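Step one of this worksheet: look at the structure below.
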Amino acid sequence: MPTQQMNASEFKSKVFDYDKGEEWEYAGTLPAIVDFYADWCGPCKAIAPALEELSKEYEGRLVIYKIDTDKETELSGLFGIQSIPTLLFIPTSGAPMLQKGALPKNVLQQVIEEKLLPGVTADNKDHQE
């Protein structure tokens, strides 16, 4: 599944409804990455292909959303986004992790494997029951 464009309304229903609660509670069932980006941002364009590849590689186990910071200023402000790209890594339980900057694909994979999909690595995913 390709990365999915998201607006504030979709964020509230699929990720976290910040109007209803102050305590973080993820609404999704799969771990997620939210890419805060802008169309004019060079580093954002640089990591976009890696995020697309990862969304296909981890299909069914991870969802990757994209939020245009120019269009979704309320969401950007909520997370204190001041530089882009900024990635929000969301495990199915526990607190999300915010990371600024364009990370290389191998680093993104490491975060996915270690923080979002613990216990299922590339080496043993085919041997899981």
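Structure notes:
- Amide H contacts for Ile81 (H built 1.01 Å from N in the peptide plane; partners 5 or more residues away or on another chain; cut-off under 5 Å): none found.
- In sequence order, calculated HN-Hα J values of region 31-38 (Karplus, 6.51, -1.76, 1.60; Hz; x Gly/Pro): x, 9, 10, 10, 9, 8, 9, 9
- Only one residue of Tyr26, Tyr58, Ser9 has its Cα farthest out toward the positive end of the dipole of region 4-117, where Lys and Arg carry +1 and Asp and Glu -1 on Cβ, and that residue is Tyr58.
- Straight-distance crosslink candidates among lysines, where the alpha carbon sits under 17 Å from Lys14 and sequence neighbours closer than 8 are dropped: Lys66
- Using bins of 10 Å that start at zero, the share of Cα-Cα pairs per bin across the chain amounts to 12, 46, 33, 7, 1, in whole %.
- Per-residue [θ]222 nm for the chain (sum of -39500 (n - 2.57) over DSSP H runs n ≥ 4, rounded to 500): -8000 deg cm²/dmol
- Stokes-Einstein diffusion of region 74-116 at 4 °C, 1.567 mPa s viscosity, Kirkwood radius from Cα pairs, rounded to a whole number: 115 µm²/s.
- Dipole magnitude (debye, nearest 20) for the chain, charges at Cβ of Lys, Arg, Asp, Glu: 220
- Lys, Arg +1 and Asp, Glu -1 on Cβ, resulting dipole of region 1-53 about Cα centre, debye, nearest 20: 120
- Potential extension, Tyr18-Ala95 segment - 0.36 nm per residue separation minus Cα distance: 26.3 nm
Throughout, read-outs are computed from the coordinates displayed, never taken from laboratory work. Source: prediction; values computed, not measured. No Cβ is skipped: glycine too gets one built from the backbone with ideal geometry, and neighbour counts run over all protein chains shown.
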